[in-house]
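Here the structure is laid out as structure tokens; the discussion comes afterwards.
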Ligand code: NBG
């Protein structure tokens, strides 16, 4: 029996044959007729063949060993393109590049052909994607459960400097990476009512009579670990209408009514909700959450049945992680399945549930904490509402006893917010039903304990821990910065890809002039590529020798993209007032999407582009300052941007950014950070050293103190000439063709409220930027700092993060996979 055949062998000839075979037999084309997309698809199928053997071997081992499995539940998985990453993890990137080249096809064109699955908004969804890469690389049995949105995050275009949203039709040309598994479809109930009845064994039971049933169909994508045989599964649910349900209406002659019901059911997984939208009233979003949660838990129940594990041991088989509160309704749903279907007692079911779930919080912004109006919740999920009331009754009893009828505390902690219109508080449900609660950076976890979840910390201090985020070095170094990866490997071997702490070994190389020169050369190469791209996408010609100063992330007031604008305008004003002003030429690069309903964020984009229009055209500054807004920031574009950055802007108000993960991607790729003491910036600075980090701004305690004493932004305006010049210039309409109204909502907001304290941090930011300018003027010094940033970024691998989750929260162990031949797989 051979372990390899034509579809699994990794030799060049086998790959080439497979590629041409797939072109012929799967796509039905031969080279003379094949489009670029045909070639991409053929290559994807050839790669997928190689993954399937690993996938099947993995499934066989997991089934046989009934291994404890992590179920990572997330409404978002921002996977980004798959082809390149799979080639890296299979270890055949260079070989395939060569094969394709020998066939006369440009490999990079094929990579570009892939539509990216943008099934997430930003950091939270991308974190989920990095985590499943690390889980597979560490050989941990894991499944990612989520939603197969037909439309991912919208595509952003800029028209006259304004954001315009276009639908993201990522499935248009088919998705070669997924396999549909209709045989594992499940039913999900919605609406209707419940009634109590006594069953044939004289037990009191609840029956949920739904108004509608939707079918969830799983679509599976293999997730390959880096140079392991492990291939885990990302299982995303698509909603469909049940055939049988339509029959009654069909027979009654209401054909269009029946079709309409089908359309409605399919709408459930139609579109990803952008965050920062007013969540209230978004019934469809609640339905989406319940839909994927119920599908996933029913799927786990099915797996228990096949492995003959009793439901009482649900928590021994599965460790379920709730990625924020989006899947928190899972706590009530598991209770329902255990009580109504499996007939466990309340106490037994609750014990299983609490041992199953753990909850990660991702935000400190009070307005982002999810809550659902009781009226809506009861209408959509009547049975779950009852269960939540009962969980609440038991929980409040515990609080009452522990804190001696402290009524205020009880009202604060209740799962139901009764201060006005009544709401279900999803974060409270998540805390009560989980055995572990964590934040995503050290400061964030501390603030959860002292502020957002203080009451819960006082009740259950031992549930709380910190798990600082990380990112996968496979995608964010090896794939996106191949030259840097090669240079590193040449000097310290390739062990760092799986153990990022080994980058430390680069430290002595800062004294090696040749190494520094090569380091600079690679950065320069990456900058040239980005410059070419910027020219093509925006028409702005940028100088690759200028300092690339980059701010890419979702657009949000707390992230303070407008503080960056104040800096640009101050430099512009400075040069106009003193044409001899000596500064290092800089290119300011922005990217990021604004939620479609977030008007101020959209106005921030317009402000950036409007300032750019003036600055880029002004002959007095033209060779010194350039501003570009790269449209449609996503994973693909991120892969081009992070490696090309000199300076990483991480300038949120202290205490607002839970962690940030872009900050880590920059630092790994040798960018220096200018940042506040916020989120993971603090830990990056601790690692790379204060000398290699540009710190500015108020600390969190200072922000709190200033707020408490009564913050008056006007005092800063009045007291600072430079700030006044900047604000007045924008206010005058100088950047809006003389229209003083356009930016008024932003500028008035800053002068009179300024909730994110831009004015308080302005001078400190400007001063710090002067230090940046100074450091960049000395290329050798800058290069040393850059190398040290990469060398000391080992902590920020998601492998480290996942190891911590495994040992502290999930209690799971690696299960190594040995490859099965076809025959062996057939027998297992
Ligand atoms: C985001 C935070 C980021 C953090 C990511 C991943 C949400 C709700 N939160 O700071 O804003 O890095 O989560 O943890 O998207």
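The values are calculated or read from the model by the stated rules, or taken from the named source; none is laboratory data. Not measured: the values here are computed from a predicted model. Cβ sites come from the backbone with ideal geometry, for glycine too, and all protein chains shown count toward neighbours.
Points worth noting:
- Test result for residue 156, at negative phi, surrounded by 15 or more Cβ atoms within 10 Å (Cβ to Cβ) and part of a helix (DSSP H, G or I): no
- Test: residue in the stretch 373-393 that is surrounded by fewer than 19 Cβ atoms within 10 Å (Cβ to Cβ) and either within 16 Å of the ligand (Cβ to nearest atom) or outside any helix (DSSP H, G or I) (or both): yes
- Pairs where the first residue, in the stretch 295-307, is farther than 17 Å from residue 352 by Cα and the second is loosely packed, with under 14 Cβ neighbours inside 10 Å, C-beta under 7 Å, 6+ apart: 307/63
- Filter pass, residue 143 being under 30 Å from residue 13 (Cβ atoms), away from the ligand (no atom under 16 Å from the Cβ) and buried (at least 19 other Cβ atoms within 10 Å of the Cβ): no
- Looking across the stretch 10-19, the residues that are surrounded by fewer than 16 Cβ atoms within 10 Å (Cβ to Cβ) and part of a helix (DSSP H, G or I) come down to 12, 13.
- When the stretch 669-689 is filtered for residues that are assigned to a helix (DSSP H, G or I), away from the ligand (no atom under 15 Å from the Cβ) and in contact (Cβ under 8 Å) with a residue 60 or more places away in the chain, the ones remaining, listed by number, are 687, 688.
- The residue that is modelled with the lowest pLDDT, among those in the stretch 230-281 that are within 16 Å of the ligand (Cβ to nearest atom) and in contact with a strand residue (DSSP E or B) (Cβ under 9 Å, 6 or more places away or on another chain), is 279.
- Residue within the stretch 787-797 that is modelled with pLDDT of 95 or more and at positive phi present: no
- For the stretch 79-129, a residue qualifies if it is closer than 27 Å to residue 679 by Cβ, outside any loop (DSSP other than H, G, I, E, B) and in contact with a strand residue (DSSP E or B) (Cβ under 7 Å, 6 or more places away or on another chain), and the qualifying residues are 118, 119, 124, 125, 126, 128, 129.
- Residue within the stretch 456-463 that is outside any helix (DSSP H, G or I), more than 16 Å from the ligand (Cβ to nearest atom) and closer than 30 Å to residue 677 by Cα present: yes
- Answer residue from the stretch 350-372, given it is closer than 30 Å to residue 68 by Cα and within 16 Å of the ligand (Cβ to nearest atom) and is surrounded by the fewest Cβ atoms within 10 Å (Cβ to Cβ) among those: 362
- Of the criteria (1) assigned to a helix (DSSP H, G or I); (2) out of contact with any helix residue (DSSP H, G or I) (no Cβ under 6 Å at 6 or more places or on another chain); (3) at pLDDT 85 or above, which one residue 294 fails: (2)
- Odd one out for residue 648, checked against (1) part of a strand (DSSP E or B); (2) over 22 Å from residue 485 (Cβ atoms): (2)
- In the stretch 330-348, the condition of being within 22 Å of residue 272 (Cα to Cα), within 16 Å of the ligand (Cβ to nearest atom) and surrounded by 17 or more Cβ atoms within 10 Å (Cβ to Cβ) is met by no residue.
- Among (1) in contact (Cβ under 8 Å) with a residue 40 or more places away in the chain; (2) away from the ligand (no atom under 16 Å from the Cβ); (3) surrounded by fewer than 20 Cβ atoms within 10 Å (Cβ to Cβ), the one test that residue 606 misses: (3)
- In the stretch 308-329, the qualifying residues are those that are away from the ligand (no atom under 16 Å from the Cβ), in contact (Cβ under 8 Å) with a residue 40 or more places away in the chain and not in a helix (DSSP H, G or I), and the one that is farthest from residue 369 (Cα to Cα) is 309.
- Pick from the stretch 433-455, criterion over 18 Å from residue 677 (Cβ atoms) and surrounded by 23 or more Cβ atoms within 10 Å (Cβ to Cβ), ranking: nearest to the ligand (Cβ to nearest atom): 438
- Here residue 301 does not fit the description of being over 30 Å from residue 598 (Cα atoms) and in contact with a helix residue (DSSP H, G or I) (Cβ under 6 Å, 6 or more places away or on another chain).
- Hits in the stretch 798-812 (condition: farther than 14 Å from residue 659 by Cβ and under 17 Å from the mean Cα position of the chain (by Cα)): 799, 802
- Residue 7 being part of a helix (DSSP H, G or I), modelled with pLDDT under 95 and within 26 Å of residue 225 (Cα to Cα): no
- Entry remark, the stretch 690-712: residues being in a helix (DSSP H, G or I), farther than 30 Å from residue 481 by Cα and away from the ligand (no atom under 16 Å from the Cβ) number 9 in total.
- Qualifying positions in the stretch 340-369 - in contact with a helix residue (DSSP H, G or I) (Cβ under 6 Å, 6 or more places away or on another chain) and free of Cβ contacts under 8 Å to residues at least 24 places away in the same chain: 349
- Remark: residue 715 matches the filter, which requires a residue to be at pLDDT 95 or above and outside any loop (DSSP other than H, G, I, E, B).
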